[in-house]
Amino acid sequence: MDLGDLLGPLGWTVQVAAAFAIAFFARTVFSREGKTFAGVARASAVIALLAVLGAAWVVHPAAGMLLGFFGSRAFGNWRPAQPGLTAALLAAVVFMALGAGWLVYPLFFMGLAWAVSGGFGQRERAPQAEAAQLPELPAQVPGVSLAKSAPDDRLNGYVQDARLPADARAQLAALNIRTREALDLLRGQGQEGSEAGYLTRAVREEYAPNAVEAYLKLPRTLADSAPLQDGKTGRALLVEQLELLLGGVQEVLNSALQSGGQELLTHGRFLRDRFAKPTLDLGADLRVPVEIKSR
């Protein structure tokens, strides 16, 4: 294709479409669709088609993204992403045939590093390693039964989600315990329908899950490194928001403690008034009358 053809209406259309295709390719491979064969194959096919139509440059940034995709998905527990990785390997071959021949070298060394680090062996060891990294929860907390958690408990499920940072999972484990304890205390005091009860349920069912879901929507390769606001990464913002929620639930617990404490103090005063015996004034009992003689 000569320069005249490239600058024609169709040529410009292809170039603009290629720019959008790169964004579509990045969004696909670094999202949940990146774990599926169909998702990666569809995004790669768009790149290949536009390269054939005249936007030959488009295979180069796409090939670079494939390297990032392999780095984020192939190491560790790669079983969930195996279909997407297979499609990515086929896409790499196509991209190299369309002009990104340089991809063979970094791909070769990445494959070598993958084999040296365990390769197929990581497929079996990864679940045990992830389980060892999860924060351990006590089997029983006074007033809270963790064993009776509902099967669709979102907060408890996030504690086991390996996509989340370890410090965030530890905070979620603490939220899981404290919100249950607060709800049990409020229920025992007859304040389940109070503002404190509403706030605690909102933290457990809405505020904390929404913060986690917002974090999980970030690209995996950038969530913990790219600054989003005031130099803070997605990971730092998630930890900060969960810390705020922990503080709010702790205030509910403190208020419930004071309320229960007042009831206990009132009951104690009643018992003292009802059953305590008056103390004897020993000094008065031991006084000896003095006889004063008149002169």
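Remarks
- Close amide-amide hydrogen proximity is noted between T233 and L228, each under 5 Å apart and 5 or more residues distant or on a separate chain (H modeled in the peptide plane; Pro and chain starts excluded).
- Listed values for region 166-175 are Karplus-derived 3J(HN,Hα) couplings in whole Hz (6.51 cos²θ - 1.76 cosθ + 1.60, θ = phi - 60°), namely 4, 5, 5, 5, 5, 5, 5, 5, 5, 4, and x replaces Gly and Pro.
Any read-out appearing in this document is the output of simple, stated calculations on the displayed coordinates, not a laboratory observation. All values reported here derive from a predicted model rather than from experimental measurement.
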